[in-house]
Amino acid sequence: MNKVLILIFATLSFSSAFAAFPQGVWLNEHIVADDGGYGAYYKGWYFVSDKTVDAIITLGAHYDKQKLQILSDDGKTVKFLDVKARTVFSYSYAVENDVLKICNDVSGCTPYSRTNKTMEPDIPPATPPDIVLHARWCVDNDCETTIYSREQSLFICNINSELAPYFTRYQAPANLVARYKLNMSIQMYAYRLDSKNELSSYSSSMYLQANTPFPTTIGQSGVKRLQAGPFATMSGTAQGHTISVEFSVAK
């Protein structure tokens, strides 16, 4: 009889260890601060069941998923096992008015609201559009147009589902660089903002850089959805010159 009572007590204790961390779907729609680029587009999700948690960061059709197992929970601190990395860590938390506040020593406290929203379970694969990228570069009123190769053009269409840094660099025309002794380029980040297979589903955030004398960002576009024709313009000054660039897409 004592063995049975001990077993029941152990089972109840084990079950109660998972009872406090609130189950359901929790969402922070601005998990990254708005930096003028993609910061405002990141979302943080917690899908909580009785013993496991899916911690997911999304940006449009891209995501990063962390599978967590709940090891213990005292109602204030929850200990997780990262199933893939096999690492153990703890977060403190509190719930008030359907807001779950999760805290750690690195990033402080982050609020998540209970939500009925769900992620798309299956993002359809993307087919890169048939495009050619043009850029009109100007130093003061001296302008040249560059037509990038198909391979270079398609860098602006990020079809990967993984959420990872995805960027490339577009160089200014060599003649302009030589004439003004200015090394000019565009650093471009690209994502697919929704799951539609359309040109406007793709987007870019561009940063105009020039040596002043070190590489410095002198202008940026913000996040621009692709469209046929001009879609992003930037300008700035470097070494006494006004530099501008306009990107456009031809299908």
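Every read-out reported here was derived from the displayed coordinates using simple, explicitly stated rules and does not represent laboratory data. Everything quoted here is computed from the prediction, not taken from an experiment. In this analysis, Cβ positions are derived from the backbone assuming ideal geometry, glycine residues included, and neighbour counts consider all displayed protein chains.
The table for this structure:
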| item | result |
| --- | --- |
| Relative packing of 33-39, 84-90, which averages over residues the other C-beta atoms within 10 Å, highest first | 33-39, 84-90 |
| For V32, distant residues with modelled amide H under 5 Å away | Y42 |
| Computed label-point distance, nm, for sites A20 and D105 using a 7 Å Cα→Cβ extension | 2.0 nm |
| Cysteines without a disulfide-compatible neighbour (Cβ-Cβ under 4.7 Å), the chain | C157 |
| Percent of Cα pairs exceeding the 19 Å cut-off, where the set is the range 49-138 | 57 percent |
| Whole-number D in µm²/s for the chain (Stokes-Einstein; Kirkwood sum over Cα pairs; 25 °C, 0.890 mPa s) | 115 µm²/s |
| Nearby aspartates and glutamates by direct alpha-carbon distance to K51 (threshold 18 angstrom, same-chain neighbours under 8 apart not counted) | D73, D74, D82 |
| FRET E, pair A250, K84, Förster distance 41 Å, beta-carbon r, rounded to 0.05 | 0.45 |
| Backbone HN-Hα couplings from phi across the range 167-179 [Karplus 6.51/-1.76/1.60, Hz, Gly and Pro as x] | 8, 9, 10, 10, 8, 6, x, 4, 5, 5, 4, 5, 5 |
| Spin-label pair T237/A178, simplified geometry with 7 Å Cα→Cβ offset, distance in nm | 2.9 nm |
| Protection proxy ranking of 162-168, 128-134 - average other beta-carbon atoms within 10 Å, highest first | 128-134, 162-168 |
